[in-house]
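Everything on this sheet refers to the single structure shown next.
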Amino acid sequence: MPELPEVETVRRGLDKLVKGYRIAAAQQLHPRALKAESIAPLASLAGAKITGTNRRGKFLWLTLDRPYVLVAHQGMSGQFLIHQKSKPRAGHIRAQFNLTKALRSQELVFNDQRTFGWLSLEEVVEDIPTSAAHIAFDPFDPLFDRDRTIQNYQRRNIKIKTALLNQEIMSGVGNIYADETLWRARIHPETSTADLSRKKLITIIESATSVMQEAIEKGGTSFDDLYINVNGESGFFEQSLAVYGQESEPCPSCGAAIKRIIFGARSSHFCPRCQRLPTAR
Ligand SMILES: [Zn+2]
């Protein structure tokens, strides 16, 4: 499932490959590809020029020379691909866009095997589309307010893993990066936010930022210009995960076997030696 680093990799790719192009035609090919709240059908994008890209958390959007934007959420498996004539068409195309710029033309498609992703035409308020209005700043946003975020964590009495997944406190962190963040910060995922000091919360926010920054850099290096592809398998996933999906493997720091527990209907991976609950100390 794409998290902030993967979405940011896609945003950078789209910025490079489709900015400045005009949408000659847009077509919806699956009933769920367009969100019910979309203010207009995809076809109405015909004639619009793509002026830029933006992102908040896992919400990505294309800005247009129109009073609305095209928002995309990748869900579990959504991908943007530039169709290459030498390659077979992707198998789960939900929408397609014919793009032109001077004499150049190309086809951008939204491919989504599991159909949890969606597109939507939305108005913006203070530069943010309607569906992302409730999403908090991510730690890369220049407007991210660290002190306020810390206060919002401390005000609650919930497990820190659950808190990190709450996109209304700080956005961008999903299940994978939450586990990696807490391993780096040496915090047990079930620690209550009320038991975390300001200093520990700073460490957690800094760990989340560094782990996602490294993933963005890796996503950037393995990025293929002509094939904007995010399916949760950037180079980072294969090489650098310390705990996520590493059950029974040795902790890269101390060698203890990584444990997996389930709460909040999700798996959490952690090192039982490096990450202890405050009461167990
Ligand atoms: Zn360890």
Inset, instruction - Can you spot the lysines whose alpha carbon is less than 21 Å from Lys259's alpha carbon? Ignore those fewer than 8 places along the same chain. - result: Lys159, Lys161
Legend entry - Spin-label model distance (nm) - Ser86 vs Arg114, 7 Å beyond Cα toward Cβ: 3.2
Legend entry - lysines whose Cα lies under 29 Å from that of Lys101, excluding same-chain neighbours fewer than 8 positions away: Lys16, Lys19, Lys35, Lys49, Lys58, Lys85, Lys87
Inset, instruction - On each of the three principal axes of the Cα atoms of the chain, give max minus min coordinate, whole Å, ordered largest first. - result: 66, 40, 30
Inset, instruction - Take the alpha carbon atoms of region 244-262, find their center, do the same for region 182-205, and report the distance between the two centers in whole angstrom. - result: 18
Inset, instruction - For region 114-158 and region 1-45, write down the distance between their C-alpha centroids in whole Å. - result: 19
Inset, instruction - Return the long-range amide H neighbours of Glu249 (sequence gap of 5 or more, or a different chain), with a cut-off of under 5 Å between placed amide H atoms. - result: Ile258
Legend entry - Approximate spin-label separation Lys19-Glu168, in nm, with each point projected 7 Å along Cα-to-Cβ: 3.3
Inset, instruction - State the percent of C-alpha pairs, over all pairs in region 127-181, separated by a distance greater than 19 angstrom. - result: 26
Legend entry - Inter-site label distance for Thr100 and Gln154 at 7 Å from Cα along Cβ, in nm: 5.9
Inset, instruction - Work out how much length Glu123 to Ala43 would gain on full extension: take 0.36 nm times their residue separation and subtract the Cα-Cα distance, in nm to one decimal. - result: 27.1 nm
Inset, instruction - Evaluate E = 1/(1 + (r/R0)^6) for Arg260 and Ser240, where r is the Cβ-Cβ distance and R0 equals 22 Å; express this FRET efficiency to the nearest 0.05. - result: 0.75
Inset, instruction - Rounded to the nearest 0.05, what FRET efficiency do Ser197 and Asp145 give with R0 = 22 Å and r taken as the Cβ-Cβ distance? Could you check? - result: 0.75
Legend entry - Probe 1.4 Å, all protein chains present, accessible-area order of Asp112, Asp65, largest first: Asp65, Asp112
Legend entry - Share of alpha-carbon pairs per 10 Å distance bin for region 23-155, given as whole %: 12, 39, 31, 13, 5, 0
Legend entry - ³J(HN,Hα), Karplus 6.51/-1.76/1.60, whole Hz, each residue of region 152-157, x for Gly, Pro: 5, 5, 5, 5, 9, 10
Legend entry - Whole-number percent relative contact order across the chain, with pairs defined as alpha carbons under 8 Å at least 6 apart: 19
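The values are calculated or read from the model by the stated rules, or taken from the named source; none is laboratory data. The structure presented is a predicted model; accordingly, all values stated were derived computationally and were not measured. When we count neighbours, we look across all protein chains shown, and the Cβ atoms used for this are built from the backbone with ideal geometry, even at glycine. The accessibility values were calculated without ligands, DNA or RNA, using every heavy atom of the protein model including side chains. Shrake-Rupley method; radii C 1.70, N 1.55, O 1.52, S 1.80 Å.
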